[in-house]
1. Which value, in debye to the nearest 20, describes the size of the charge dipole of the chain about its Cα centre when Lys and Arg Cβ atoms bear +1, Asp and Glu Cβ atoms bear -1, and nothing else is charged?
2. Using a basic spin-label model with each label point 7 Å from the Cα along Cα→Cβ, how many nm lie between Asp128 and Ser102?
3. May I ask you to sort Val280, Val23, Val112, Val58 by Cβ crowding, counting other Cβ atoms within 10 Å and putting the fewest first?
4. I'd like the orientation of helix 56-70 relative to the chain: the angle between its Cα long axis and the longest Cα principal axis, in ° from 0 to 90, rounded to 10.
5. Using R₀ = 35 Å, calculate the FRET efficiency as 1/(1 + (r/R₀)^6) where r is the Cβ-Cβ separation of Ile289 and Ala39; round to 0.05.
6. Helix-derived [θ] at 222 nm for the chain: sum -39500 (n - 2.57) over DSSP H runs of at least 4, divide by residue count, nearest 500?
7. How much length is gained on full extension from Glu330 to Ala62, taking 0.36 nm per residue of separation minus their Cα-Cα distance?
8. Taking the number of other C-beta atoms within 10 Å as the exposure measure, put Met166, Met15, Met228 in order starting with the fewest.
Amino acid sequence: MILRKGTESVGKTVMWTVPLPIVLLVLLGIRGITLPGAATGLNFLFEPNFAKLADPRVWANAFGQIFFSLSVAFGIMIAYGSYNDKKNDVANNAIITALGNSATSFLAGIAVFSVLGYMAQQMSVPVDEVVSGGIGLAFVVYPQAISLIPGGIIVQSIIGLAFFVMLLTLGIDSAFSLVEAIEAAAGDKFKVNKKAFLIGFSILGFIFGLLFATQGGLYWLDIIDHFMGTYALLVVGILESVIIGWLFGADKLRKYINSVSEIKIGKWFDISLKYIIPIVLIFILGLNILDEIKNPYGGYPSWALTIGFLVFIAIPIIGFIFAKLPSRDEKYNEKVTKITFEEE
């Protein structure tokens, strides 16, 4: 219903749904650092463990996390970027977005690990044994933090309600961008009816989403997230860096960015996009596939992991099929070729 009017309606919606998490994180962070044992949790967060740098899964999870957090390799930035003015300051916006994202993650880390330290002290266990992470953080640590806020049951109930409403709205915000990216691509190539596409795609998403509402839903969510949130993003990141760096031209992209941006970027950008990023991502992907074969993820049965792997494999196959389907726009291929290969 919100997406039917396009990005303008999305912008109006997120103006209200995005600030709330920041306010709640500040509140929970302030309360968290005043708790006994908070220092233990914060030490666990900030004290580096250099031995972990040798673990390929740590690198894959790190790339997957930052890709997900910044919406990189989802097609979202490409879709939303197409709505920007051609003179938009790309470099400045990218820096602000990255710093804002990191600051929010930093704030969330303080809020979570200060409470984890408190819970570890109360339970007399190490911090890493309090909760394994993932969904447990949202449904164990944050409620615990909310229950420790002074003001009595009424204040705690109001903040708790606001927190879970926030989780819902953040999920909806994410759905906005994911669906909008697909609709933008389908609309450009196949000239589909926007309203009909959104209705059909939303219904399809709802049907597939029912799997995650079953008794084993959390396990399936973990498996699919593992393959899609790590492996799929790495593969898309590799493909994007190769296509943009080599086919479109890293130097052409850099010169365009510099022509509209106050902050200029140097030739290191070309080297990074053409060589460093794809080589590093391929290396990390290869190590993780080998590690996955030796040590199957999460102790799940092989048939369940096979399904997760097939879902991951299906994404590039579906993308290739749709790329080969004829466009309803007779000049579509000509436009794509011109944009990709035209000289400056």
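Every number in this text was worked out from the coordinates using simple rules, so none of it is lab data. Source: prediction; values computed, not measured. As a convention, Cβ positions derive from the backbone with ideal geometry for all residues, glycine included, and neighbour counts pool all protein chains shown.
1. Approximately 700 debye in magnitude.
2. Spacing of the two 7 Å Cα→Cβ label points: 2.5 nm.
3. Ascending Cβ contact count within 10 Å gives the list Val23, Val58, Val280, Val112.
4. Computed tilt is about 70 degrees.
5. Working: r = 39 Å, r/R0 = 1.12.
Step by step, r from the Cβ atoms, then E = 0.35.
6. Calculated mean residue ellipticity at 222 nm is -22500 deg cm²/dmol.
7. Contour length minus the Cα-Cα distance gives 92.3 nm.
8. Ranked by crowding around the Cβ, least crowded first: Met15, Met228, Met166.
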